[in-house]
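The values are calculated or read from the model by the stated rules, or taken from the named source; none is laboratory data. Predicted, not measured: the structure shown is a model, and the values here were computed from it. So basically every Cβ, Gly included, is an ideal-geometry build from the backbone, and we count neighbours across all protein chains shown.
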Amino acid sequence: MVVGPLDFWIDWTSQIGVLSSLGFQIILHLFANVRRRSSSIMLRVPLWLAYQLSDMTATYAAGQLLYSSRTPEDHQLIAFWAPFLLLHLGGPDNITAYALEDNKLWTRHLLSLGVQVLGAGYVLYKHIAGSGIFLTLAAILVFVVGVAKYAERTCALWFANFSTVQSSLKVLAHEKHRRYSHIVEHQAVACCCCKGGLDQDELDLLRAHSLFHICKRGMVDSVIPAEVDNEEREIIRGLRLRGNHESMWRVMEMELSLMYDILYTKASVTHSWVGYCIRAISPVAIFASLVLFQLSSKDGYRRVDVGITYTLLGGALVLETKSLLGALGSSWALAFLCGTQWDGLRHSAVSSGRWYRLRRALVSLRRSWPGKIIMTGTSRKWSGTMGQHNMLRFRAGQVDQMSRRLGHLFSFLGLREWWDRRYYSCTIIVPDEVLKHAQKVNTWVSRDDINTMGLLRHKWGELGLGEKWYPGLFTKLKRWHGVDFHESIISWHIATDLIFAAMEKNGHGASDDSVAIVRALSNYMMFLLVDRPDMLPGLPQNWLYEQTCNKLDKLCQKHPVRSPADICTVFKKFFRPRHHWDLRPTTLEKDFAEKIRTLDLTERSGSENPRLNYALQIAKVIEGEPHDDKGKVKLLLDLWTDFLVHAANRCSRESHARKLSSGGEFTTILWLVIEHLCQIKE
């Protein structure tokens, strides 16, 4: 008998649904941690689909179990799958929210929890009750675990709300932080060193836990003072004064990773008495259910349905065991043990070194090739990337006929912004020179530069053009500096390219490391303005950017520059490696800069767009300073460092938190460094 697609779907809907639900859970378990260290869309899109489809599939499959057309004998076994769908709706420990806004939907998940529990309970009551003691007990065990895990996910979403975090900070005793900090810096570190313990990254992670309350309070804009004691100040001061500055940077990365755990995973509920009890009971309950199902009678059941049941039980057992081991071996477990009031438990687990031995074993397993497949060890470091967008390169590219035609094509398709972002912008690995310079920001900014609210006292650029090194320069440039921060970025970005073009024409090569750092920072700030305006303080000023682009386009038309129209070059640039971006200016870009510099002053003064005028005047003033080329590069480096620090410090905390779910942002680490500097009494 030929079976059509519709008949096949009706007969196998439940089987396809539960297996798909299990498959999505495995994908989330294995790959959810990719988000904390990568912003690649090629990795994030499959993960987003798995996140969205996991709940939809489980909910749909649960509804199908109510209306299955199977015989009563078969339906008893299929009804046994309902508790597994509750377990899947609970989700893995390493992802609860895909975006920060998902945490605000916890009430929706609470309602769904009630409906799904009632539905699964009805299925069990209708088809399982009285079918056999073994199958009934097995279903009850999985049902209890599923309800607990689903309720835990709902609580995690609730706890991750900014308002809930703020409320928790008001009632959290500071003695808990002090006790934990003391144990980490003395007893724990000594235990690690004496017993051949953990490496430097692990010790930095412990320090990140001891200072994490500073990050937590800063991220949610808590008005409750952090009450950092002298011992914690010494930790921060010690990190700040280290010669290579790398330790403090690593600790800041790890603190942000811990904040990611709070906002996007189950960490806030996993590492509690209830959470540990659930994880200790779940594998035992699933294993007992597996044994009970093995002992139960399978007469009348189809072999394929029995196989699916074993697959669900085996998959649940593996995932729950992984969850238990991950929770016990997590550094969050040490925070829990150090903060507990049970001195006996703390002594037996921490002082005796048992927890460290477990941690070392799990770390070793995660670093082995089987562990990388099974346990997917979590990297506490951020993506290590920064965006690049150069305005002159962007607008000079518009005179290329081939690029312009492709731009019109994508504009017709409604994808012009995507085309411009992909063709003229890029995300690169942070160059070593830029990273080393950024790591010194804790010595470039002092405690006196920060007010009691943790904000910089100076206006953007004022600290970089300070009176100590450049007397009177900020006052001289005040007229063209820009009223708005976005306006200043545009003006100084163009001015920087004009200055470097003149320097290169006079024989100063663009290969100098300081020049590369300045160009990287300038392009990065412009990238934030164009692609991620929410990462800058103040309201987005896209119209300023568009007006400046229009003015540059008019200049291109009046003073054309030579532009190759090679389709091979265009596609080679479009399909370049993701993290490839040459910081050196292109020939087209340098020609365009020269054309701008040779314009008549009358033509510039009559412009309706003053940003280009400001850039030309700034370049003229800087070039007139009594500094050599290296001095001018240092001046620009100080200026862009000031801009970078101001953007990091004045950006909204919610924007910083939102970027944690896509690999993190360069300015977010700088913000956290400044947040810790507030706690130091010079």
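Answer yes or no as to whether K478 is of a type in the set (K, R) and assigned to a helix (DSSP H, G or I). Yes.
How many residues does segment 258-278 hold that are hydroxyl-bearing (S, T, Y) and within 11 Å of the chain's Cα centre (by Cα)? Break it down into steps so the answer makes sense when it comes.
Just the residues of segment 258-278 that are hydroxyl-bearing (S, T, Y), to begin with: 260, 264-265, 268, 270, 272, 276.
Subsequent filtering for residues that are within 11 Å of the chain's Cα centre (by Cα) retains 260, 264.
Residues flagged as hydroxyl-bearing (S, T, Y) and within 11 Å of the chain's Cα centre (by Cα) within segment 258-278 amount to 2.
Determine if segment 245-256 includes at least one residue that is more than 27 Å from R346 (Cα to Cα), part of a loop (DSSP other than H, G, I, E, B) and within 38 Å of the chain's Cα centre (by Cα). Yes, some residue in segment 245-256 is more than 27 Å from R346 (Cα to Cα), part of a loop (DSSP other than H, G, I, E, B) and within 38 Å of the chain's Cα centre (by Cα).
When segment 526-556 is filtered for residues that are among the basic types (K, R) and farther than 17 Å from H646 by Cβ, the ones remaining, listed by number, are K551, K554. Could you list, in sequence order, the residues of segment 321-342 that are in contact (Cβ under 8 Å) with a residue 60 or more places away in the chain and either touching a Leu at 6+ places or on another chain (Cβ under 6 Å) or within 17 Å of I26 (Cβ to Cβ) (or both)? Answer for segment 321-342, where residues must be in contact (Cβ under 8 Å) with a residue 60 or more places away in the chain and either touching a Leu at 6+ places or on another chain (Cβ under 6 Å) or within 17 Å of I26 (Cβ to Cβ) (or both): K322, S323, G326, S331.
Checking L312, L256 one by one, the residue that is touching a residue at least 24 places away in the same chain (Cβ under 8 Å) and in contact with a Phe, Trp or Tyr (Cβ under 6 Å, 6 or more places away or on another chain) is L312 and no other.
Checking each residue in segment 128-165 for being more than 30 Å from the chain's Cα centre (by Cα), part of a loop (DSSP other than H, G, I, E, B) and either outside the structural domain of K298 (by TED's automatic domain parsing) or of a type outside the set (A, V, I, L, M) (or both) picks out G130, S131, G132.
The residues listed here are T265, T270, T340; of these, the one that is surrounded by 16 or more Cβ atoms within 10 Å (Cβ to Cβ), polar (S, T, N, Q) and in contact with a Pro (Cβ under 9 Å, 6 or more places away or on another chain) is T265.
Yes or no, residue by residue, for (1) closer than 17 Å to V434 by Cα; (2) assigned to a loop (DSSP other than H, G, I, E, B); (3) at pLDDT 90 or above:
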| site | (1), (2), (3) |
| --- | --- |
| L498 | no, no, yes |
| A502 | no, no, no |
| H508 | no, yes, no |
| A516 | yes, no, no |
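Selection of segment 15-49 for residues being touching a helix residue (DSSP H, G or I) at 6+ places or on another chain (Cβ under 6 Å) and within 26 Å of T668 (Cβ to Cβ) yields L28, F31, V34, R35, R36, S39, L43, L47.
Of the residues A61, A32, the single one that is modelled with pLDDT under 95, assigned to a helix (DSSP H, G or I) and within 30 Å of S296 (Cα to Cα) is A61. Considering segment 122-134, and only residues there that are at pLDDT below 90 and not aliphatic (A, V, I, L, M), the residue that is nearest to M56 (Cα to Cα) turns out to be Y122.
Residues checked against (1) within 19 Å of L406 (Cβ to Cβ); (2) modelled with pLDDT of 75 or more; (3) assigned to a loop (DSSP other than H, G, I, E, B):
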| site | (1), (2), (3) |
| --- | --- |
| A565 | yes, no, yes |
| T569 | yes, no, no |
| R578 | no, no, yes |
| E594 | no, yes, no |
| E608 | no, no, yes |
| Q617 | no, yes, no |
| E625 | no, yes, yes |
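The set of residues from segment 97-112 being surrounded by fewer than 19 Cβ atoms within 10 Å (Cβ to Cβ) and farther than 18 Å from R44 by Cβ comprises K104, L105, T107, R108, L110, L111, S112. Contact map, segment 77-95: residues that are basic (K, R) paired with residues that are outside any loop (DSSP other than H, G, I, E, B) and at pLDDT 95 or above, Cβ distance under 7 Å, separation 6+ or inter-chain. No pairs are found.
Among V673, V633, which is closer than 18 Å to M503 by Cα, at pLDDT 65 or above, surrounded by 17 or more Cβ atoms within 10 Å (Cβ to Cβ) and under 35 Å from the mean Cα position of the chain (by Cα)? Step by step, each of V673, V633 is checked, and only V633 is closer than 18 Å to M503 by Cα, at pLDDT 65 or above, surrounded by 17 or more Cβ atoms within 10 Å (Cβ to Cβ) and under 35 Å from the mean Cα position of the chain (by Cα).
Taking segment 441-460 as the range and being surrounded by 14 or more Cβ atoms within 10 Å (Cβ to Cβ) and within 27 Å of L583 (Cβ to Cβ) as the test, the residues that pass are V441, N442, W444, V445, W460.
Out of curiosity, is A138 modelled with pLDDT of 85 or more and touching a Ser or Thr at 6+ places or on another chain (Cβ under 7 Å)? Talk me through it step by step, then tell me what you get.
Values: modelled with pLDDT of 85 or more: yes; touching a Ser or Thr at 6+ places or on another chain (Cβ under 7 Å): yes.
When the stated conditions are applied, A138 passes them.
Please indicate, with yes or no, whether at least one residue in segment 295-315 is under 24 Å from A97 (Cα atoms) and part of a helix (DSSP H, G or I). Checked segment 295-315: at least one residue is under 24 Å from A97 (Cα atoms) and part of a helix (DSSP H, G or I).
Of all residues in segment 444-476, those that are closer than 25 Å to E625 by Cβ, out of contact with any helix residue (DSSP H, G or I) (no Cβ under 7 Å at 6 or more places or on another chain) and not small (G, A, S) total 9.
Consider segment 453-475 and keep the residues that are of a type in the set (A, V, I, L, M) and assigned to a loop (DSSP other than H, G, I, E, B). The one that is modelled with the lowest pLDDT is M453. Would you confirm whether or not segment 238-255 contains a residue that is crowded, with 22+ Cβ neighbours inside 10 Å and modelled with pLDDT of 95 or more? Checked against the condition, which is being crowded, with 22+ Cβ neighbours inside 10 Å and modelled with pLDDT of 95 or more, segment 238-255 yields no hits at all.
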